[in-house]
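What follows is a short report on a single structure.
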Amino acid sequence: MSKISAITPQKRNPNRLSISLDGSYAFSLDRYTAAWLVVGAELSEAEIERLLSKDEVESAYARVMRLLGSRARSQHELEQYLQAKGYAESVRAAVQNRLQAEGLLDDTRFASEWLENRATFRPRSHAQVRAELRLKGISEEVIAETLGKTEHKDEDLAMEAARKAFRQFEKQDWKTFRVKMGNALLRRGFSYSVAHEATKKIWDENHSGN
């Protein structure tokens, strides 16, 4: 057994506490993990191992929460991130289970939000969204379900993309406009027929009075 001889906040990170055992520094813990510790208490080797294991999970969880602050992540992305940071499988599983229980890790919701975000800000074809979601590790079943439920059709998405890109090419003559706008839509994954139709419609919308 080892006796806790001191518990002091770290200067650089007050949310972590330095734990001294038998007069010497032993390890650090986050405040949540160390909440029940008091000076004078005795810890067995097994208790120390449990504390360190719990602290690693808390550390990984805090890291992930900062990551999720920028945007949601798929389970595959999160697994890759935790692996890259060197966390053991047990830690990765504990963090992911906690996030799922809290509703912060859900591939079905992720896929739906990804599709809506694309449709709103950077419209692209269903084929390209499917490819993007595959890269995020989303299952084919979830992708098919997400695309099957959306009201966004390729024809409508192509028109939205054309409207957003129109100002780039609005001063071009029809021949040049057709090529440049068509290529812009093709790069977003739309088929030739869909891209051609959207290009013609957006041209007509803006030249109807000419």
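The values are calculated or read from the model by the stated rules, or taken from the named source; none is laboratory data. Everything quoted here is computed from the prediction, not taken from an experiment. Methodologically, a virtual Cβ is constructed for each residue, glycine included, from the backbone with ideal geometry; neighbour enumeration extends over all protein chains shown. Ligands, DNA and RNA are excluded from the accessible area calculation, which covers all protein heavy atoms including side chains. Shrake-Rupley method; radii C 1.70, N 1.55, O 1.52, S 1.80 Å.
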Task: lysines with Cα under 27 Å of residue 11, excluding same-chain neighbours fewer than 8 positions away - done: 3, 54, 85
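Grab the beta carbon distance between residue 127 and residue 62, set R0 = 30 Å, and tell me the FRET efficiency rounded to 0.05. Walk me through the numbers before you get to the answer.
Working: r = 38 Å, r/R0 = 1.27.
E between residue 127 and residue 62, to the nearest 0.05, is 0.20.
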TODO: Putting +1 on Lys and Arg Cβ atoms and -1 on Asp and Glu Cβ atoms, find which of 38, 208, 94 reaches farthest to the positive end of the dipole of the chain.
DONE: 208
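Considering only protein heavy atoms and a 1.4 Å probe, what is the carbon-and-sulfur percentage of the accessible area of the chain? Intermediate results must be reported in sequence, preceding the final value.
Numbers: 6020 of 12510 Å².
Carbon-and-sulfur percentage of accessible area, whole number: 48.
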TODO: Measure nothing fancy, just the Cα-based angle from helix 140-149's long axis to the longest principal axis of the chain, in degrees from 0 to 90, nearest 10.
DONE: 50
Task: Whole-Hz ³J(HN,Hα) from phi, Karplus 6.51 cos²θ - 1.76 cosθ + 1.60, for segment 129-135, glycine and proline x - done: 5, 4, 5, 5, 5, 4, 5
TODO: Could you go through segment 176-189 in sequence order and give the Karplus-derived ³J(HN,Hα) for each residue, using 6.51 cos²θ - 1.76 cosθ + 1.60 with θ = phi - 60°, rounded to whole Hz, and x for Gly and Pro?
DONE: 5, 4, 4, 5, 5, 5, x, 5, 4, 6, 4, 5, 8, x
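Gain in length, residue 84 to residue 101, computed as 0.36 nm per residue apart minus the alpha-carbon separation, to one decimal in nm?
Here the answer is 3.8 nm.
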- [ ] Using only the alpha carbons of segment 18-62, determine the length spanned along each of the three principal axes and report them from longest to shortest in whole angstroms.
- [x] 30, 18, 17
Open item on the list: Give me the one-decimal Kirkwood hydrodynamic radius in Å for segment 89-201, with the sum taken over alpha-carbon pairs.
Closed with: 15.6
TODO: Rounded to the nearest 10 degrees, what's the angle between the helix 89-101 long axis and the longest principal axis of the chain, both from Cα atoms, 0 to 90?
DONE: 60
Open item on the list: Could you work out how much longer the chain between residue 208 and residue 18 gets when fully extended? Use 0.36 nm per residue separation minus the Cα distance between them, nm to one decimal.
Closed with: 61.1 nm
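Cα-based Rg of segment 144-210 per 2.2 N^0.38 Å, rounded to two decimals? Intermediate results must be reported in sequence, preceding the final value.
Numbers: Rg = 12.7 Å, N = 67, 2.2 N^0.38 = 10.9 Å.
Normalised Cα radius of gyration, segment 144-210: 1.17.
Might you report the magnitude of the Cβ-based charge dipole of the chain about its Cα centre, with Lys and Arg at +1 and Asp and Glu at -1, to the nearest 20 debye? Present the calculation step by step, with values, prior to reporting the outcome.
Values: 34 positive and 31 negative charges, 238 e Å.
It comes to approximately 1140 debye.
What FRET efficiency would be calculated for the residue pair residue 183, residue 108, taking the C-beta separation as r and a Förster radius of 45 Å, to the nearest 0.05? Intermediate values should be presented prior to the final figure.
Details: r = 34 Å, r/R0 = 0.76.
Result of the calculation: an efficiency of 0.85.
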TODO: Only Cα pairs under 8 Å and at least 6 apart count here; give the relative contact order of segment 85-174 as a rounded whole percent.
DONE: 30
Open item on the list: I'm spelling it out carefully: the read-out is percent of Cα pairs over 32 Å apart, the candidates are (i) 45; (ii) 35; (iii) 21, and one was derived from this structure. Which label?
Closed with: (i)
Task: Estimated 222 nm signal from helices in the chain, with DSSP H stretches of n ≥ 4 weighted -39500 (n - 2.57), rounded to 500 - done: -19500 deg cm²/dmol
